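Only one structure is covered here, and it is reproduced in the block below.
The values are calculated or read from the model by the stated rules, or taken from the named source; none is laboratory data. Not measured: the values here are computed from a predicted model. So basically every Cβ, Gly included, is an ideal-geometry build from the backbone, and we count neighbours across all protein chains shown. Remember, those area values only see protein heavy atoms, side chains included, never the ligands or the DNA or RNA. Shrake-Rupley method; radii C 1.70, N 1.55, O 1.52, S 1.80 Å.
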Amino acid sequence: MKLVYRVQIIALISLLLMSCSAVKSVVENTDSLKNKKPIEVKVVVLTMFEIGEDQGDKAGEFQLWKQGQKLDVKYPLVHGHHDLFFNADTGVLGVVTGMGTARATAAVIALGLDPRFDLTHAYWLVAGIAGIDPANGSIGSAVWATWLVDGDLSHEIDAREIPSDWTTGYFPLFATQPYSEATVSNPDKNVNGEVYKINANLADWAFELTQDEKLNDYPPMKTFREQYINYPNAQKPPLVLKGDHLAASTYWHGKLLNQWANDWVSYWTQGKGNFVTSGMEDTGTYQALSYLHKAGKADKNRFMVLRTASNYSQPQDALSAADNIKIQKKGYVGMQSAVESAYIVGSKVVNTLTSNWSVYKTTMPYQVDASVDNVKQQAVTENSKNAATIDKLSTIKNNDKILTAEQLAEALDLEAHVEGGYFRQTFKADHRPTIATKNGDRVTMTSIYYLLSAKSPIGHFHMNQSDIMHYFHMGDPITYYMLKTDGSLQKTILGPDPTKGHQMQMMVKGGTWKASKIPTDGKYGYGLIGEAVAPGFEYSDMKLGDKSMLLKKFPKYKQLVTELSRE
């Protein structure tokens with residue numbers, strides 16, 4: 001017994017010594033981190049999985065990046081899915097997040113809060129495989145996205161129980177049937193994270209930079225593509241294109257679900273997005289990055305999504321979805337090409353950013369004048385003519401020494417508004433007791449930024465139930481037209497120069513039809529105001545003006561109503 005007792009005492013002392021040593025080590029590591037400057041990261045490459053090892057065997061999404069970008073410095077990530085790998089010379093950091101929304105979201109948050117790294121100026125590139133709609137593209141192709149739509153947040157009724165006139169049992173949260181309610185007016189309204197619009201200007205730049213890249217094609221791919229006889233785009237060799245992404249943790253497949261995907265993306269983007277690729281993680285990844293953006297840890301405007309097609313999202317006409325799933329279990333025909341395309345296309349963007357870091361650290365690539373010597377090889381002039389998005393706000397160029405509409409919208413984090421122009425809610429008095437209105441309880445006040453630009457110069461006729469104070473901030477004068485309940489018209493100019501009759505504040509009472517516009521050839525190319533709404537704004541309190549209704553109600557102002565009303 002004495003011997004056992006002594007052994008226990010010795011073991012206990014050893015454990016205590018080891019604990020003290022461990023505590024000392026933790027303290028030393030913590031002190032070391034406090035005194036050490038964080039490592040500047042220029043580009044974060046986000047992959048989702050690796051098949052086996054990180055090198056030397058069959059390549060998953062990460063392996064080519066590790067080899068090609070010489071990511072040789074390992075940083076353990078015990079609080080994440082996979083260790084990090086870094087190139088200290090180029091500033092490129094490689095990440096394997098793990099598959100699925102949960103792991104990807106957690107990985108990005110873990111990285112963003114890691115004190116070892118400075119990510120404040122880093123660009124983020126998702127480089128992963130995906131399914132592709134055969135109506136839009138072919139396996140092996142690389143697709144740059146602007147819209148990310150979540151395919152999981154929804155109601156669902158089993159298809160065997162749905163009414164006979166329903167096209168699907170899958171419909172939006174808080175709706176009562178598929179697509180019956182009005183579509184959302186802007187991504188900010190989607191408090192649950194149903195849709196995100198990432199920086200379209202950056203996506204356009206990346207596409208233009210890489211659109212002529214030659215992608216690898218293999219004989220089995222050509223044979224497989226030929227089976228999609230009714231889908232000409234599916235039969236093309238791999239190419240670089242633009243399209244939007246649906247993220248869902250459920251691996252879905254088939255013609256009916258492919259149609260659902262097209263309808264779902266169209267619904268949440270108000271017809272502005274086009275479903276092209278399907279994956280799992282990207283809405284979670286961007287949501288995590290948005291939180292880091294708010295904390296000042298990262299810049300969500302430097303986020304890009306590149307998805308490459310390993311398979312089609314529906315079978316060829318001769319096969320059922322179930323039969324095709326069995327075939328896919330043996331492996332995707334386009335897998336190798338898709339993994340290679342992600343690196344071929346993505347690495348050109350990464351190398352361009354890191355090679356010109358002295359410029360791109362503080363200036364977005366699409367904001368750089370084409371005459372700059374160290375970016376002369378890039379197409380950084382006009383963006384894609386097909387992208388009618390917030391990135392094309394103004395014709396004013398950077399070298400005019402004036403803050404552009406695009407720069408202002410980006411800095412203020414503005415989004416497109418349903419009435420025209422761009423906005424962001426900046427305040428909501430939800431810390432105070434609410435006010436009872438005929439439409440329900442409302443907060444006492446809300447406030448927004450509102451921007452009209454040369455590319456979106458009209459705020460179309462609409463009516464709010466609440467009173468609104470308007471405050472001019474900067475830019476060109478904005479002309480307001482108010483159609484009152486007594487049939488009269490009031491015209492007011494909000495602008496910077498009171499000596500020219502401009503008003504710098506304006507009150508519009510609830511129940512007034514209001515529209516606004518700016519000149520398209522003004523000095524600034526935009527006008528920015530603030531609005532304070534009391535009681536606080538809710539979309540259910542706003543009506544968009546129907547042209548035919550307004551013409552009947554105000555026939556005296558036919559020309560004005562026609563010009564400033566939606567159809």
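Tabulated data
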item: Geometric extent, Cα atoms of segment 62-213 - Rg, Dmax (angstrom); result: 19.7, 62
item: The chain, helix-only ellipticity at 222 nm - DSSP H runs n ≥ 4, -39,500 (n - 2.57), divided by all residues, nearest 500; result: -8500 deg cm²/dmol
item: Accessible surface of VAL443 - all protein chains present, 1.4 Å probe, nearest 10 Å²; result: 20 Å²
item: Violating pairs (Cα-Cα greater than 18 angstrom) within the set LYS242/LYS330; LYS455/LYS523; LYS70/LYS348; LYS300/LYS428; LYS214/LYS272; result: LYS242/LYS330; LYS300/LYS428; LYS214/LYS272
item: Relative packing of 126-134, 495-503, 44-52, 197-205, which averages over residues the other C-beta atoms within 10 Å, highest first; result: 126-134, 197-205, 44-52, 495-503
item: Charge dipole (segment 461-567, unit charges on Cβ, about Cα centre) - positive-most of THR520, MET549, TYR481; result: MET549
item: Alpha-carbon Rg/Rh ratio, for segment 405-564, with Rh computed the Kirkwood way; result: 0.96
item: Magnitude of the charge dipole, the chain, Cβ model with Lys/Arg +1 and Asp/Glu -1, debye to 20; result: 880 debye
item: Heavy atoms of ASP546: accessible area, 1.4 Å probe, square angstrom to 10; result: 70 Å²
item: Candidate values (i) 28.6; (ii) 26.5; (iii) 25.9, label of the one derived for Kirkwood radius over Cα pairs in Å; result: (ii)
item: Percent accessible area from carbon and sulfur atoms, segment 101-225, protein chains only, probe 1.4 Å; result: 53 percent
item: Percent carbon-and-sulfur accessible area, segment 405-564, ignoring ligands, DNA and RNA, probe 1.4 Å; result: 51 percent
item: Per residue accessible area in Å² of segment 405-564, where ligands, DNA and RNA are left out and the probe is 1.4 Å; result: 47 Å²
item: Estimated distance in nm for a label pair at GLN270 and LEU551, the labels positioned 7 Å out from Cα along Cα-to-Cβ; result: 2.3 nm
item: Extension gain from LYS36 to ASP317, taking 0.36 nm per residue of separation minus the Cα-Cα distance; result: 95.1 nm
item: Cα centre as origin, Lys/Arg/Asp/Glu Cβ charges: segment 405-564 dipole, Debye; result: 720 debye
item: Dipole of segment 266-327 [Lys/Arg +1, Asp/Glu -1 at C-beta], most positive-end residue of ALA288, ALA322, ASN311; result: ALA288
item: Trypsin sites (Lys or Arg not before Pro) lying in DSSP loop within segment 28-128, provided at most 15 other Cβ fall within 10 Å; result: LYS36, LYS58, LYS70, ARG116
item: Surface accessible to a 1.4 Å probe, ASP244 within the full protein complex, Å²; result: 10 Å²
